[in-house]
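The values are calculated or read from the model by the stated rules, or taken from the named source; none is laboratory data. What you are looking at is a predicted structure, and each value in this text was computed from that prediction instead of being measured. Positions of Cβ are backbone-derived with ideal geometry, glycine not excepted, and every protein chain shown enters the neighbour counts. Ligands, DNA and RNA are excluded from the accessible area calculation, which covers all protein heavy atoms including side chains. Shrake-Rupley method; radii C 1.70, N 1.55, O 1.52, S 1.80 Å.
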Amino acid sequence: MANPLSVILDPAQSRLSRDAVSVLVSGRDWDPTAWSDIWVDPVTNTCMLRPAPKYAAWTTTNSGIYAKLGLGDFTLTPSSGWLAQDVDTGGAFMYYNALNTGGLKGVGPTLSVNQPMVVDLFTQGATNAPYGILDIGWSNTGDSTAGVAVRFYADGSADLYKGGYLVGAYSGGGNSPNYFDSARATGQTLGGGATPMAPRGYQTIMLIPCRDRELLVVSSMGGSFCHIFQDLPEGVAGLTITPGETFWFQVQAQASANLRFAKLQFAASGFVCGVPTNWRADPPGGDPAFEVYQSLSQAGSGLVSASVVTPASNPYSVANPVQIKLSLGAGSAPNWTPFVYGARAYHAADTAETTGTPLELLPYLTAFRIEASDTIGGTRATLSLKQPAAILASGGSQIATQCHRAIALSDEIGMILNGVAEPPQWVDGFGFNADGYDQNQGIEIEIRDLWKLAEEYIFSDPIPLDGLSLGDAYALVASMIGFPSDQVYISPAAADFDLPWTPASGGDWAFLCDVGDKGSEILDRLHQTYAATWFHGFRPNRASPTAPPILSLIDPADSTPNYSLPTSAAVVLYPSLSDTGATWQTVYRSYGTQILEPEANDIWVTGRDPRGGKPIVVHKADTASQSVTTTPSARPANWLGTIRKYGWVDPAITTMDAAQYAIELLYARLTPARHLVEFECEYLPGVWRGDLVTLNRATGAPVTVRIKTFSGSFERLGSFGESETPDAVWRPCRYVGELTPLVCPLDVHGSTARAIAANWNTLKALSKQRVFDGGELLARRPTLNQQEA
C-alpha cells in the first residue's frame with residue numbers, strides 16, 4: 001500500500017530572505033529647497049503646479065497663464081458707470097465710478113466644470129459691524145439660488161452656498177483677529193489700544209475646485225479655508241465641484257467695486273522633492289517601484305512621474321540617503337493640475353528557499369497527531385520521534401536542538417501541511433538496540449503552518465494600503481511576509497472592491513500598516529472587514545498536489561477550477577459496513593450535532609471621515625431575531641428574543657459605501673445560528689477545511705456538511721514479514737462540519753463541537769465592540785452621517 005503519511009525534514013521551503021524597504025513622504029514632508037514651479041496649499045498641504053497668481057508676473061503680465069478677464073467679458077448691471085482702471089500692468093480692474101446704491105452685477109463667460117477662478121479686489125478698512133461686500137459664483141441663474149456661490153465679508157469672513165443653501169461659514173483672515181468681535185474690540189480699546197480695523201488694500205483670492213470634492217479658497221491676506229461638499233460621494237472620480245455654467249459676481253449695495261477676474265491657470269510643469277531621508281536598510285540594485293497618491297480624477301492620467309535622487313547635501317551623514325522626486329505636468333480640462341498628497345518609493349521583499357538534504361522521518365515516528373482548527377493558522381501537528389542519534393546519523397543535523405526547521409507532511413494524495421517546527425522537546429533514556437542506538441531517547445516536535453511566519457513578521461516601514469483593491473492589498477502584505485505569489489490565491493472578485501481612501505490634510509492615511517504592526521494582523525483585518533463571509537486559510541494545492549498548500553482568500557461564489565471551494569461532496573460516508581458502497585474507510589462511527597448561537601443581531605459599523613474627523617455610522621438589525629413576543633412556533637432559527645449588539649469601529653472605513661459594504665458582510669456572518677455536525681471516521685485523504693462530505697443516515701435524508709475542523713492521529717499497527725512499511729495503519733479522526741452555506745471560518749479554537757461551543761459562548765456570542773487603533777474616540781463624537789442598511 002502507498003505510505004499513508006510522509007514526514008519530510010528539510011524540504012525546500014520559501015521564506016523571506018530580504019525585507020522590503022520603503023520611503024514614504026506626505027504633504028508635510030515636501031522639501032521647500034528642492035522644488036520648482038510647485039505650490040503646496042496652506043490648508044491641506046496638497047501639492048500642485050504653481051498657480052499664476054503666485055508669480056510676480058501676475059501684476060505685470062496679461063497674457064498666457066496670467067491672462068485676465070475684462071469689461072468686455074461681462075454683461076454688467078447697471079450698464080454704465082464702469083471704467084477700466086490700470087492699477088498695475090497686469091490687466092485693468094473693473095471700477096464702478098459712481099455711488100453703489102442698488103447693488104452691482106456682472107454675468108461673465110460660461111466655464112468648464114471645476115474651472116478654478118481668481119478674484120482681485122480692493123477692500124476698504126472698516127470698524128462697523130461685518131457686512132457683505134462681494135458675491136461670486138458658478139450658475140446660469142446669475143445668483144446664489146443655484147450652483148455654487150461664495151459671499152465675502154468686509155471682516156475677511158466668507159459664507160459658502162450650494163443650490164441656494166448655506167453650507168459653510170469660514171474666516172478668510174487666517175491668524176488675523178476677527179475685526180468685528182465686539183468684546184475683543186471693547187477690551188482692546190479700553191486697554192488703550194487702537195480700535196481693530198479690517199485689512200485695507202488689494203488682495204488676491206484663488207478659488208480652486210480640488211481633491212475630488214472640495215473647494216479651496218486662499219487669500220493673499222493670509223487667510224484660507226477648504227470646504228468639503230458633503231453631498232458628493234467619497235472615492236468617486238470626475239465629480240462636479242463647481243458646475244460648467246456662467247461665472248457671475250454681485251457687489252452689495254454701498255460697497256465699492258474695484259475688481260478683476262481671471263480663469264486660474266497653472267505652470268505647465270514642475271517638480272517637487274520630499275525631505276531628504278534614507279533607506280532603512282541597504283537597497284538592492286535597480287530602480288525602486290513607486291506609488292503616487294493623488295486625486296482620483298488625475299489617477300492614471302500620466303500627469304505625475306516619480307523617481308529618486310540622492311540629496312544634494314547630507315548634513316547628518318545618514319546611511320543610504322535618498323529623496324523622492326515627483327515631476328508634475330499640466331492636464332486638460334477639468335484637470336489643469338494634478339493634486340498630489342504624497343508618494344512612496346520601495347524595493348519589494350525577496351524570498352529564498354531553505355537548504356538541506358530532505359530526510360524522511362517516518363521510520364523514526366512513534367506517534368503522530370494533527371489538528372486543524374477553524375481559524376487562520378490553526379493547523380498543528382505533533383511528531384514523536386525515536387532514536388535521535390539515528391536521525392542525526394541519517395542526515396537530520398541538529399534536529400534535537402534547532403528551531404524553525406522546515407517540515408512537510410503529505411498523505412497519499414499530496415502535501416497537506418507546509419510547516420515550521422516549534423522548539424523541540426526531548427527526553428534521555430537508557431536501552432540500546434542491536435545497532436547501538438538508545439531506544440528510550442525521544443524527541444517531540446510541534447509543527448505549525450506558515451501562518452506562524454505571518455505572526456512573526458513586523459512592519460518596519462509605514463505602508464499605506466489606501467486606494468488599492470482588496471486583492472492587491474492582500475497580495476502586497478502577503479509578499480512582504482515572504483509568501484511567494486504561486487502560494488497565495490485570492491478570488492478574482494477581490495479586484496472589484498477598492499479600499500477606501502480619503503485625502504486628509506497633510507497626507508494622513510486611512511489604512512496604514514504602521515511600524516510595529518504584525519503581518520498576520522493586517523491580513524486578518526483585511527479579511528474580516530472586507531471579506532467577512534469568505535474562506536480564509538491554507539488549503540492543499542489541487543492543481544499540483546505535491547506542491548505546498550496555498551494561502552487562500554476565497555469568495556463563496558468563486559468557480560475557478562482547483563482553487564475555488566468545491567460544490568459537490570468529495571466522499572460519501574455510511575453508518576454501517578452493510579450499506580451498499582461502504583468500505584471500512586468510509587464508515588463513520590459516531591454522529592452528533594451542536595447549535596451555536598448567533599453572534600449578534602444588532603450590527604453597527606463605525607468609520608471615520610478623515611477630512612472632518614467625524615464618525616460615519618451604519619446600522620443593520622435583524623428584528624425577527626430580536627422580537628421578544630414571537631411565539632415559539634413562529635420564531636426563526638436564529639431567534640434570541642433580545643438585542644445582541646456587535647460594533648465594528650475601524651478608522652480605515654472612510655466612506656459610507658465602504659461602511660455599507662462591510663456591514664452587509666458582517667450581517668451575513670454574525671446573524672445566523674450555526675449548525676455543526678461532528679462525526680468520527682477514518683482519516684479522509686484529500687479532504688480539508690472547506691471541502692464537502694456527505695453522510696448517509698440510518699434514518700432520515702443524507703446531510704452534506706462543509707468541513708470546518710478535524711483532529712486525529714495516525715497509529716502504526718505493525719509490519720509483517722520483510723515489509724519496511726506498516727501493513728496496517730489506524731487513522732481515527734474526528735471531523736466537524738457545518739450545515740449552513742457559510743464558508744467563513746468560525747474563528748474560534750477547538751477541534752470538537754463541544755470545545756468550539758465552549759469557546760464560542762465565551763469569546764463570540766456576547767455583545768461586544770471591536771475597536772481598531774485610532775477608533776477609540778469615534779463613538780464619543782457627533783455623527784457626521786448615519787444610515788440604515
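What to note about this one:
- Aspartates and glutamates with Cα under 17 Å of Lys768, excluding same-chain neighbours fewer than 8 positions away: Glu597, Glu599, Asp602, Asp622, Asp650, Asp747, Glu776
- Pairs of Cα atoms nearer than 8 Å and 6+ residues apart set the relative contact order; for the chain it is 13 percent.
- In a simple Cβ point-charge model (Lys, Arg +1; Asp, Glu -1; nothing else charged), region 6-50 has a dipole of about 100 debye relative to its Cα centre.
- Of the whole protein surface, Val7 contributes about 0 Å² of accessible area at a 1.4 Å probe radius.
- In Å², nearest 10: area of Thr606 left accessible to a 1.4 Å probe: 20
- Dipole size of the chain about its Cα centre, with +1 on Lys/Arg Cβ and -1 on Asp/Glu Cβ: approximately 1920 debye, rounded to the nearest 20.
- Shown in residue order for region 514-519 are the 3J(HN,Hα) couplings computed by the Karplus curve 6.51 cos²θ - 1.76 cosθ + 1.60 at θ = phi - 60°: 8, 4, x, 5, 9, x Hz (x for Gly and Pro).
- Trp279 long-range amide H proximity, modeled H, under 5 Å: Val322
- Each part gets one Cα centre, and for region 631-687 versus region 500-521 those centres are 28 Å apart.
- Fraction of accessible area attributable to carbon and sulfur, region 553-650 (%, probe 1.4 Å): 54
- Taking amide H as placed 1.01 Å from N in the peptide plane, Ile376 has no amide H partner under 5 Å among residues 5 or more places away or on another chain.
- Counted charge near Ser6, where neighbours are those whose Cβ lies closer than 12 Å (Asp, Glu -1; Lys, Arg +1): -3
- In straight-distance terms, cross-link reach from Lys325 covers every one of the lysines whose alpha-carbon lies under 16 Å from its own, apart from those fewer than eight places away in the same chain; here that gives an empty set.
- Accessible surface of region 338-430, 1.4 Å probe, proportion on carbon and sulfur as whole %: 53
- The local environment of Gly91, defined by Cβ-Cβ distances under 10 Å, has a net charge of -1 under the rule Lys, Arg +1 and Asp, Glu -1.
- Local net charge near Pro492, Cβ-Cβ under 10 Å (Lys/Arg +1, Asp/Glu -1): -3
- Carbon + sulfur, % of accessible area of region 219-331 - ligands and nucleic acids excluded, 1.4 Å: 49
- Kirkwood estimate for region 511-658, i.e. one over the average of 1/r between Cα atoms, Å: 20.2
- Flagged links, alpha-carbon separation over 23 Å, of Lys105/Lys263; Lys68/Lys105; Lys518/Lys645; Lys620/Lys708: Lys518/Lys645; Lys620/Lys708
- Karplus-derived HN-Hα couplings along region 9-14 (A = 6.51, B = -1.76, C = 1.60, θ = phi - 60°), whole Hz, x at Gly and Pro: 8, 6, x, 5, 10, 6
- A 1.4 Å probe run over the chain, with the rest of the protein chains in place, finds 41 Å² accessible per residue.
- Per-residue surface analysis assigns Thr629 an accessible area of about 120 Å², computed on protein heavy atoms at 1.4 Å probe radius.
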